[in-house]
Amino acid sequence: MVTGKNYIGNQLSAKGNKTFQTFNPELNKENSPIFTEATSEEIEEAVHLASEAFKEFSQVSGDKKAVFLNAIADEILALDDLLVQTYCSETGLPEGRAKGERGRTIGQLRSFANLVAEGSWVDATIDTADANREPQPKPDLRKFNFPLGPIVVFGASNFPLAYSTAGGDTAAAFAAGCPVIVKSHPMHAGTGELVASAIQKAAIKTNMPNGVFSNLNSSGIEVGQKLVSNAGVKAVGFTGSIKGGRALYDLAAKREEPIPVFAEMGSINPVVLLPKALENRAQDIAKTYAGSITLATGQFCTNPGLILGVKSEGLTSFIDTLSNEIVKINPSVMLHPNIKEGYLKNKEKVVSQDGVSVTANYSEVVQDNYAQQAVVTVKGEDFLQNTTLHLEVFGPFSMVIQCEDEKQLEHIISNLEGQLTGTIIADNNELETYRNIVHALQDRVGRIIFNGVPTGVEVCESMVHGGPYPASTDSRFTAVGVGSIKRWVRPFSYQDWPNNLLPDALKNENPLGILRSVNGIKSTGKID
Ligand code: NAP
């Protein structure tokens, strides 16, 4: 049941008097539950409990953390239809998407459970002592990954499950041994609360310390700002807009003790159409892209917002087909009136720039909160000179850049801001012919796709979901896949520490049987 309260460790709490409701964009009315925003006192309490919980949780074994993570997955599944219905009522997204995203969330939790149960992820690295080394004896040094401490997680409006309360950031932080305080997204506070109740139940059932998890409501940016400024918080996970991510990054940097903010932000995901592919199959590519641009009303961080090609008959044919096809697609609802407002505002801002031609704009009347998809084109030179055209228009929108020649195409790519993805559509041996273009794109993105669409982020170990700024604040890490655990740990060394007091991962006997580096050699064996 949705209570509208904050979850402060194992307690429910609603001490404040600022309340808000979520909104059903399909019905165009508020949902009934009333949420109470967390007070400063409740924020303090959540951080204090998390700091206390960290002392115990940082020492919990991989096996026990796996039981906790799997229990969260089970409790989320047990929420059944209530979760699905709440999700749909707060986002306008269809039931199929809710179930798919739930499956992805469960899968992420279980993959982290497997990772920590196996245990080698701690990267145990051991250099044994050599008392006879000249001129000085060599000490015994043993290094592994140690959790950072309490983490604050901000989820995005467009992924209420997979990138929110028990999403990738939270699952990775728990796996690392970090308590989590979620700043609940106000647009899906009910979905967030239900998932929070699942985490709380799982934590109690599996004997995790009180404070390992809290979920705080907010209807504005103050709660998040207070959390990021709180000295007890040691790192931040954020998924959302560049504006929001950057504000929190700057805030964290200004603290007396600066802390890392791993922000995954907006992206326009350039798609490069190479000449042969355009010559051979411009219309087919355009039809595929009409679907990709409008998928989930364009509300994906990997939405293809920028398409680039060199002027040619093929590119003209692509633009014509894309423009004709995209208006045939039935408009769909956006997540919230504010998201629609943002879409209209940013679309208008781009459309009103010099040199921009609108080639498609769904013109029939649509229901409240539905988005009218659009395609625009612009010359390469105009795009290069006007950074307003580089803006993410979050929604069903894409801009086609008509480049003068290959040189300009490469120059534009090289001057793009960092992106989550880049896609190359090519035929025959074009990838080899256009190595310079491929190289330019690789330099600007976290993931490169060949002859596909960027929408759809596979959850697996080799996925990189991140990229050069502003796609993310730290391109060395991914937010998706079990490798994302590395954001929440720091390397830590023991020198000449008694064997019986070392963590199991570093003991001579290797009781966990994990893969370690011992004197430079990878091994699962014991040290004699
Ligand atoms: P958002 O407006 O940035 O909000 C995200 C969260 O951050 C909300 O909880 C919001 O709180 C908070 N927030 C925003 N600005 C803040 C500030 N200055 N100080 C403190 N807190 C702040 O983003 P959204 O509308 O939820 O999500 C859409 C965006 O996310 C799109 O740009 C999309 O491309 C991006 N996205 C990226 C990824 C990725 O993995 N890279 C995935 C999905 C979405 P309030 O709502 O309370 O203000």
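A short reminder: the numbers here are calculations on the coordinates, not readings from a lab. Keep in mind the model is a prediction, meaning the values are calculated, not measured. Counting neighbours? That spans all protein chains shown, and the Cβs are built from the backbone with ideal geometry, glycine included.
A few remarks follow.
- Backbone HN-Hα couplings from phi across the range 449-457 [Karplus 6.51/-1.76/1.60, Hz, Gly and Pro as x]: 10, 9, 6, x, 10, x, 5, x, 10
- Backbone phi angles across the range 511-521, fed through the Karplus curve with coefficients 6.51, -1.76 and 1.60 (θ = phi - 60°), yield HN-Hα couplings of x, 7, x, 8, 7, 10, 9, 10, 6, x, 10 Hz in residue order; Gly and Pro are listed as x.
- Ranked by how many other beta carbons lie within 10 Å on average, peptides 428-438, 279-289, 141-151 from highest: 141-151, 279-289, 428-438
- Ranked by how many other beta carbons lie within 10 Å on average, peptides 238-250, 220-232 from highest: 238-250, 220-232
- Cross-linked pairs Lys347/Lys486; Lys205/Lys340; Lys65/Lys522: Cα-Cα separations exceed 32 Å for Lys347/Lys486; Lys205/Lys340.
- Neighbour counting of Cβ atoms within 10 Å sorts the residues Tyr163, Tyr7, Tyr494, fewest neighbours leading, into Tyr494, Tyr7, Tyr163.
- ³J(HN,Hα) computed for each position of the range 50-58 - Karplus, 6.51 cos²θ - 1.76 cosθ + 1.60, integer Hz, glycine/proline x: 5, 5, 5, 4, 4, 4, 8, 5, 5
- FRET efficiency, Glu56 to His411 (Cβ-Cβ, R0 60 Å, nearest 0.05): 0.60
- Protection proxy ranking of 452-458, 27-33, 93-99, 212-218 - average other beta-carbon atoms within 10 Å, highest first: 212-218, 452-458, 93-99, 27-33
- Close amide H partners of Ser472, meaning residues 5 or more places away or on another chain with modelled amide H under 5 Å apart, are Met265, Gly467.
- Amide hydrogen proximity for Phe213: with H placed 1.01 Å from N in the peptide plane, the residues at 5 or more positions away or on another chain lying under 5 Å are Gly9, Val180.
- The simple spin-label model puts a point 7 Å past each Cα toward its Cβ; for Asp284 and Glu30 those points are separated by 5.3 nm.
- With contacts taken as Cα pairs under 8 Å and at least 6 residues apart, the chain reaches a relative contact order of 17 percent.
- For the pair Asn500 and Ser229 in one chain, pulling the backbone fully straight at 0.36 nm per residue adds 93.7 nm over the alpha carbon distance.
- Remark on Phe23: its backbone amide H falls under 5 Å from those of Asn31, a criterion applied only to residues 5 or more positions apart or on other chains, H modelled at 1.01 Å from N.
- In the chain, the calculated helix contribution to ellipticity at 222 nm averages -11500 deg cm²/dmol per residue, counting -39,500 (n - 2.57) for every DSSP H run with n ≥ 4.
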